[in-house]
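Down below is the structure, laid out as structure tokens.
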Protein chains: 2
Amino acid sequence: MGCFNMMLNFRLVILVLAICGVRYRMGMVKAEELSLESVKGKVYTLDSVREALIRQEDTIVFGLIERAKFLMNSRTYGGEEIPGFAGSLAEFVVKNTEAVQAKVGRYNNPEENPFFPENLPPSLVPSYSFTQFLHPKAASININKSIWKIYFEELLPSFVASGDDGNYAQTAASDLSLLQAISRRIHYGKFVAEVKFRESAQQYESLIRSEDKEGLMKLLTFESVEETVRKRVEKKAMVFGQNVTLKNGDEKNVTYKVDPSVAANLYKNWIIPLTKDVQVEYLLHRLD
Amino acid sequence: MGCFNMMLNFRLVILVLAICGVRYRMGMVKAEELSLESVKGKVYTLDSVREALIRQEDTIVFGLIERAKFLMNSRTYGGEEIPGFAGSLAEFVVKNTEAVQAKVGRYNNPEENPFFPENLPPSLVPSYSFTQFLHPKAASININKSIWKIYFEELLPSFVASGDDGNYAQTAASDLSLLQAISRRIHYGKFVAEVKFRESAQQYESLIRSEDKEGLMKLLTFESVEETVRKRVEKKAMVFGQNVTLKNGDEKNVTYKVDPSVAANLYKNWIIPLTKDVQVEYLLHRLD
């Protein structure tokens, strides 16, 4: 499919985006107003990558709020609950649901990275031709093992109330959704890095050739941008986690379903640094 | 476990709720502040049922917003995409994910109703003793076939942009989450009906004995309450579906990820009437 199609599609996408303007980005376009059926392949630019990252914040905040609906339900994370399965109930749900989703092609999309890539069944459906934007080495970058550890050991205990409500399957399903959202966000670093690389290839090339991790990290770091992201995520947790009533006023005593600082700290301590790790890792292989 | 335990637990729950007050309901209680481990079994009251229904609105609105992230992806709903499976890709994902969740006990909770109850595998984990609050006939009430039809034929085309982005697995997974949230909300009618029945048993009994569906429907209907629910859901769609930025002001040109009227109409046309159907159906068997 490759480059030629991409070029054609690129013009088409620009045209459609121009016509639909901001309304497209807001997702407000109705079925009858726009058909993107003919636009195959996605275009990655600094702007589109930024938009995608911002949209993913909403998904992550929703995921935090939805997980907080259930108590800790530690039995979901113990071992040996399931006869014939060596792992926790959460592992069982994640592994088996990933297998179902793999069979219908989830991991054909280079934006997705499985938590259990070993023995993942192949896709059974005709494959969609996703834009090949990344260097082929990207496929081998998967830091979900670290994400898994942080999620269960540090993130969950920081915002979920202890106790047992018996909803282990629902708990594990909401863990999976949130894990997938966080993983997708962090591995989006590959696209961030590729876009930045294409913008200033020369600057990156010398650092890559000298394997200068620190230099790359410096070039990728914009503290004021990171601060803006943290603040926006905190605000999203306030907006999305409030108890909405029809009464106005009384905004002094608002409480939230998840402490907004949890969302901000998730970004500060894990998502932002891990995304940068993915970017550096990707760039180090960019000239392979 | 039965009645004796329930009575003991009831007192304990009241005590814990009194101590934790509103903070408990807001989900703001941190792990170290409260252990509910000893509190087994849930208490259903008019208030707790109302709180649950309000909380479920958030989940449904989040679900709409998350589904709208993807294009229609009609290939998810066509047939014969998967060799050896007679059904659509969405059916494949829902059926197989339900099977995974059934194995870890999702459907032991009387609040949950599967879309494909036929051949659902049994739970492999030790069962949690959920409060037995409903009449045993409740288990046979499942209107998911109607919900399925409405969801794919009417709801989806009303808010999802047409086109194909290739994310069929993710699309089906977000369909499943939203379907589960809507189904849970509608079948919560069983709990609503049981609570109302216990509050004024005499009034209901005569209508039930004369199988007076219309009379039951009248007794269950409070138009002003329904109007409040629709308005609140519409407001939630505005609050949760807005594009949150750090800038203030500029609130004139706010656009939403899902048209708020879609959420309000979902409640008006389907969720509220179907919940009442479930209530009437439940009550008709209440004295069996």
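Taken together, the values in this text are just the output of simple stated rules run on the coordinates, not laboratory data. As the structure is a prediction and not an experimental result, all values here were calculated from the model. For neighbour counting, all protein chains shown are included, and Cβ atoms are generated from backbone atoms with ideal geometry for every residue, glycine included.
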Label-point gap, in nm, between residue B:209 and residue B:50 - each point 7 angstrom along Cα→Cβ: 3.1 nm
Copy-to-copy label separations for residue B:50, where each label sits 7 Å from Cα toward Cβ, in nm and ascending: 4.7
Distance violations [Cα-Cα > 29 Å] among A:257/B:213; A:235/B:196; A:257/B:247; B:103/B:257: A:257/B:213; A:235/B:196; B:103/B:257
Ascending list, in nanometres, of distances separating the residue A:287 label from those of the other copies (7 Å, Cα toward Cβ): 8.6
Principal axis box of segment B:42-284, alpha-carbon based, largest edge first, Å: 55, 53, 33
Charge dipole (segment A:42-284, unit charges on Cβ, about Cα centre) - positive-most of A:278, A:197, A:64: A:197
Neighbour net charge for residue A:281 - beta-carbon separation under 11 angstrom, K R +1, D E -1: +4
Cβ-based charge dipole, segment B:222-275, positive-most Cα from B:269, B:243, B:228: B:243
Sparsely packed trypsin sites (Lys or Arg not before Pro) within segment B:180-259, loop by DSSP, other Cβ within 10 Å at most 14: B:247
Residues with amide H under 5 Å from that of residue A:256, placed H, sequence gap 5 or more: none
Efficiency of FRET between residue A:218 and residue A:99 - r from beta-carbon atoms, R0 30 angstrom, step 0.05: 0.15
Pair residue B:80, residue B:246: separation of 7 Å Cα→Cβ label points (nm): 5.5 nm
Using a 7 Å Cα-to-Cβ projection, residue B:206 label spacings across copies, nm, ascending: 9.3
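Hey, got the average number of other protein chain Cβ atoms within 10 angstrom for residues in B:76-83?
Per residue, the average neighbour count from other chains is 2.
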